[in-house]
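One structure is given here, and the rest of the page talks about it.
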Amino acid sequence: MKANSSIHLLDYIFRLTAGVGHLRVRRRNTKGFTLLEVLLALALLGSLLVALNVFVFSMAEAWGKGRNERLFAQHARAVTTHIEELLEAASIGATADGLAVREVKQDSGGNEPKLVFTLPEGSRLLAWPEAPLPDVELSLCVGQRGGLELGWQSRLEVNRDQEAPRVTVISPFVVSLGWEYYDTSFKRWELLEEPKRESDGTYSLPQRLRVRFAHGKLSLERTVQIPVHGEGATRS
């Protein structure tokens with residue numbers, strides 16, 4: 001009887017040990033990955049990285065192709081915005097003198113008709129040799145070598161009538177200015193390359209300026225509205 005009891009006890013212990021080992025094996029299998037699964041995951045990750053790399057480089061190439069066009073357009077927009085701000089400051093307000101077209105002395109000699117206006121404090125682009133002076137007379141034109149130029153001198157300068165105005169280049173990419181007049185009789189716009197001169201020798205103020213930009217193969221035009229003179233005035 002004792003021998004049978006010992007056999008049964010050993011058999012029970014053997015089965016219990018085998019069951020625990022079986023459970024351990026099953027637990028290990030549920031937590032791990034097979035070699036095939038790992039290789040498949042690496043292949044998918046590599047494909048995703050290649051696709052992402054191609055996408056990033058293609059986007060960078062597309063962005064680089066239009067970079068010059070965007071910078072050129074931004075420059076033209078900034079230049080015309082600054083011109084509009086100057087013209088509005090000279091036209092709007094109780095103390096504003098308004099705009100006019102008249103001949104201005106050239107540094108190379110002679111006179112040339114330009115769009116002229118006066119500002120109490122000038123422009124932030126002006127580089128005075130000494131302390132800035134008030135009541136600055138400014139003129140706008142395209143230089144002989146190209147580029148939009150801003151001529152300027154103060155009314156308080158002693159030799160103002162004998163010397164040509166100082167010149168600051170606003171943009172080297174402006175190649176010409178167009179003067180646009182609205183014909184009320186025919187109800188149409190007339191674009192001239194020079195300001196319109198009346199029979200009495202004076203020049204008519206245009207309603208718009210056509211600013212033409214060019215740089216290499218890039219070119220575009222922007223329109224500047226001439227503001228109406230008067231307190232609280234708006235653009236024409």
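Things worth noting here:
- In region 145-195, the qualifying residues are those that are touching a residue at least 12 places away in the same chain (Cβ under 8 Å) and of a type in the set (Gly, Ala, Ser), and the one that is nearest to Glu130 (Cα to Cα) is Ser154.
- Leu86 vs. criteria among the hydrophobic types (A, V, I, L, M, F, W, C) and at pLDDT 90 or above: yes
- Identity of the residue in region 128-145, in a loop (DSSP other than H, G, I, E, B) and within 19 Å of Arg210 (Cα to Cα), that ends up modelled with the highest pLDDT: Gly143
- The test for being within 33 Å of the chain's Cα centre (by Cα) and of a type in the set (Asp, Glu) does not hold for Glu163.
- Candidates Arg208, Arg188, filtered to the one that is within 16 Å of Phe117 (Cα to Cα) and not hydrophobic (A, V, I, L, M, F, W, C): Arg208
- Residue within region 80-88 that is touching a His at 6+ places or on another chain (Cβ under 8 Å) and hydroxyl-bearing (Ser, Thr, Tyr) present: no
- All positions within region 172-188 that are among the aliphatic types (A, V, I, L, M) and either on the phi > 0 side of the Ramachandran plot or surrounded by fewer than 17 Cβ atoms within 10 Å (Cβ to Cβ) (or both): Val175
- Residue list for region 88-119, filter: in a helix (DSSP H, G or I) and out of contact with any Lys or Arg (no Cβ under 8 Å at 6 or more places or on another chain): Ala89, Ala90, Ser91
- Hey, Leu140 assigned by TED's automatic domain parsing to the domain that holds Lys217, of a type outside the set (D, E, K, R) and loosely packed, with under 15 Cβ neighbours inside 10 Å or not: no
- Hits in region 151-171 (condition: farther than 21 Å from Gly110 by Cβ and either exposed (fewer than 14 other Cβ atoms within 10 Å of the Cβ) or outside the structural domain of Arg77 (by TED's automatic domain parsing) (or both)): Arg155, Leu156, Val158
Yes or no, residue by residue, for (1) modelled with pLDDT under 75; (2) closer than 30 Å to Ile226 by Cα; (3) in contact with a Cys (Cβ under 9 Å, 6 or more places away or on another chain):
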{"site": "Arg27", "(1), (2), (3)": "yes, no, no"}
{"site": "Gly32", "(1), (2), (3)": "yes, no, no"}
{"site": "Leu39", "(1), (2), (3)": "no, no, no"}
{"site": "Leu45", "(1), (2), (3)": "no, no, no"}
{"site": "Met59", "(1), (2), (3)": "yes, no, no"}
{"site": "Trp63", "(1), (2), (3)": "yes, no, no"}
{"site": "Arg67", "(1), (2), (3)": "no, no, no"}
{"site": "Phe72", "(1), (2), (3)": "no, yes, no"}
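- Out of Leu125, Leu148, Leu115, Leu191, one residue alone is among the aliphatic types (A, V, I, L, M), modelled with pLDDT of 95 or more and loosely packed, with under 15 Cβ neighbours inside 10 Å. It is Leu191.
The values are calculated or read from the model by the stated rules, or taken from the named source; none is laboratory data. Everything numeric in this text was worked out from a predicted model, so none of it was measured. Ideal geometry is used to build each Cβ from the backbone, glycine not excepted, and the neighbour counts take in all protein chains shown.
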